[in-house]
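Read-outs throughout are calculated quantities, based only on the coordinates presented, and are distinct from any laboratory measurement. Quick caveat: nothing in here was measured; it's all calculated off a predicted structure. Note that we place each Cβ from the backbone using ideal geometry, even for glycine, and neighbour counts take in every protein chain shown.
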Amino acid sequence: VATFDSEIDLLQLRTRTSEKWAKYPEQILPLFVAETDFPLAAEIADALHRAIDRGDTGYAVPSGLGKAYSDFSVKRYGYRVNPEYVFAVPEVMVGVAEVLRVLAKPGDRVVINPPVYPPFFATLDEVALPIEEVPLKQEGDSYELDFDGLERALADGVRFVLLCNPHNPVGRVYSRDDVFAIARLAKQYDAIVFADEIHAPLVLPGAEHTPFDIAASEIGVRAISFTSASKGWNIAGLKCALAIASSEWGVETLKKLPEEMPERVGHFGVIATIAAFRDAVPYLDHVVRHLDEQRIALRLLLDEYGFERIRYAPPQASFLAWLDCNELGLGANPALQFFKGGDVALYPGLKFGSQGAGFVRFNFGTSTEIIREALTRMKAAASQYA
Ligand SMILES: Cc1ncc(COP(=O)(O)O)c(C=O)c1O
């Protein structure tokens, strides 16, 4: 029994109307999009209830975010962010797109490391910048950055690196050495790094998050980091994320974002994000404990349901399992077979790049009971198609 199990109830979850619960009809069990099924942190619920009670539903003023995040960062990562270097954006991906609109010239290439979060592809398309894929290297069940590939791309003139750390979907948390090595390469070739660190609050025991900021300011490379409370505290619908500068250059860059950016941020998002980083860290610790239990239990459960042939390395962060189903004989898109034959919605690995053929992304940010139900459904599908 994992930490939050007794507080998660499927019938109650089905009354939620967010994407996870509203996208598919009721017979489908959703484990696709990166929302968690945990109860909302009481500190966040209280802050939002109080705002509603006072009719506080106007435009956002994001002041207060910098201090709340800076204090959190000191305690969580041992690193003090200058509160004045923290800017609010509605979402991480809006932040990435808008900063690229400020900095990029037509034709500037951006490195990404697939398999990777699908909106990386979509967002770079949105700002019409060419993508340079430097795929992660698979070493056994683990994934590593391909530093030679990265250096080749940078030597070839690629101007931006869009890093995902912790990495979605493979769950890798880059070591301090890795983070510094990326920064040194970027410095050497005068590239600009964007570090998407949205999953960093959910780094699990055994791994340690190194904010890119630390390496950027030490090595003097140009970088902007992005993070948010949206994954750790499940408040993605409230629309508030942080773009963080590591130098005066970063501050000047972020000041060039569209003037209306603060008003585009959700007011409830700002209220909830401050409550999250400032008041709801014990809740986050509960989530981390639960996920730590679930990521280990998932291997045992896969075996129990006859999925010994699914390869799975427990992630170092967050609630996403990257399941290699290639040996099940379900083809390149097993998520489709699981959906059609088992009424369970997972993300197809192919959404994350061609490297994801035969994989599915399974969201285990839920109860043991729901994980068991998902595996029951997957098993029914697998026996039908294999
Ligand atoms: C790596 C990564 N970046 C960004 C996001 C989305 O964040 P936002 O809604 O703030 O754009 C997610 C959501 O799952 C994610 O996994």
Practice task
Would you calculate the separation in nanometres between label points at Lys23 and Ala207, each defined as 7 Å from the Cα along the Cα-to-beta-carbon direction?
Solution key: 2.2 nm
Practice task
Give the Kirkwood hydrodynamic radius (Å, one decimal) of segment 283-329, defined as one over the mean of 1/r across all pairs of different Cα atoms.
Solution key: 11.4 Å
Problem - Relative exposure of Lys379, Lys231, Lys239, Lys105, judged by other C-beta atoms within 10 Å (fewest first) - result: Lys105, Lys379, Lys239, Lys231
Handout entry: Kirkwood Rh, angstrom, segment 251-325 [1 / mean 1/r, Cα pairs]
Key = 16.0 Å
Exercise for the section: Classify segment 125-254 as rounded, prolate or oblate from the Cα gyration tensor: take a ≥ b ≥ c as the square roots of its eigenvalues, call it rounded if a/c is under 1.5, otherwise prolate when a/b beats b/c and oblate if not. Expected result: rounded
Practice task
Determine which lysines satisfy two conditions relative to Lys231: a Cα distance under 25 Å, and not lying fewer than 8 residues away in the same chain.
Solution key: Lys20, Lys23, Lys67, Lys75, Lys239, Lys351
Exercise for the section: Be a star and scan segment 238-273 for residues whose amide nitrogen sits under 16 Å from the point 7 Å along the Cα-to-Cβ vector of Val33. Expected result: 238-240
Exercise for the section: Counting helices only, and only those DSSP H runs with n ≥ 4, report the 222 nm mean residue ellipticity of the chain as the sum of -39,500 (n - 2.57) divided by its residues, in deg cm²/dmol to the nearest 500. Expected result: -12500 deg cm²/dmol
Practice task
Report, in debye and to the nearest 20, how large the dipole of segment 249-351 comes out about its Cα centre when Lys and Arg carry +1 and Asp and Glu carry -1 on their Cβ.
Solution key: 200 debye
Problem - Unit charges at the beta carbon, dipole of the chain: most positive-side option, Ala207, Val92, Phe362 - result: Val92
Completion exercise
From the Cα centre of segment 353-368 to that of segment 214-269, the distance in Å is 28 Å
Exercise for the section: Positive end of the charge dipole of segment 221-370 (Lys, Arg +1 and Asp, Glu -1 on Cβ, about the Cα centre): tell me which of Ser246, Leu320, Leu284 has its Cα farthest that way. Expected result: Ser246
Exercise for the section: Please work out, to two decimal places, the log10 of the ratio I(q)/I(0) at q = 0.11, 0.12, 0.14, 0.25 Å⁻¹ from a Debye calculation in which every Cα of segment 284-386 carries one identical scatterer. Expected result: -0.30, -0.35, -0.48, -1.47
Completion exercise
Comparing Thr17, Thr366, Thr376 in a Gaussian network model of the chain (Cα, 10 Å), the one with the largest mean-square fluctuation is Thr17
Practice task
Treat each spin label as a single point 7 Å out from the Cα along the C-beta direction, and report the Asp303 to Lys67 distance in nm.
Solution key: 5.2 nm
Handout entry: About the Cα centre, charge dipole magnitude for segment 133-187 (Lys/Arg +1, Asp/Glu -1 at Cβ), debye
Key = 300 debye
Exercise for the section: With label points built 7 Å along Cα→Cβ from the Cα atoms of Ser383 and Glu139, find their separation and express it in nm. Expected result: 4.0 nm
Fill in the blank from the handout: Rh (Kirkwood, all Cα-Cα pairs) for the chain, Å, reads 21.3 Å
Practice task
Treating only the Cβ atoms of Lys and Arg (+1) and Asp and Glu (-1) as charged, compute the dipole magnitude of the chain about its Cα centre; round to the nearest 20 debye.
Solution key: 300 debye
Problem - segment 196-289 - Rg (one decimal) and Dmax (whole number), Cα, Å - result: 14.5, 42
Exercise for the section: Can you tell me the FRET efficiency between Thr57 and Glu218 if r is taken as the Cβ-Cβ distance and R0 is 30 Å, rounded to the nearest 0.05? Expected result: 0.10
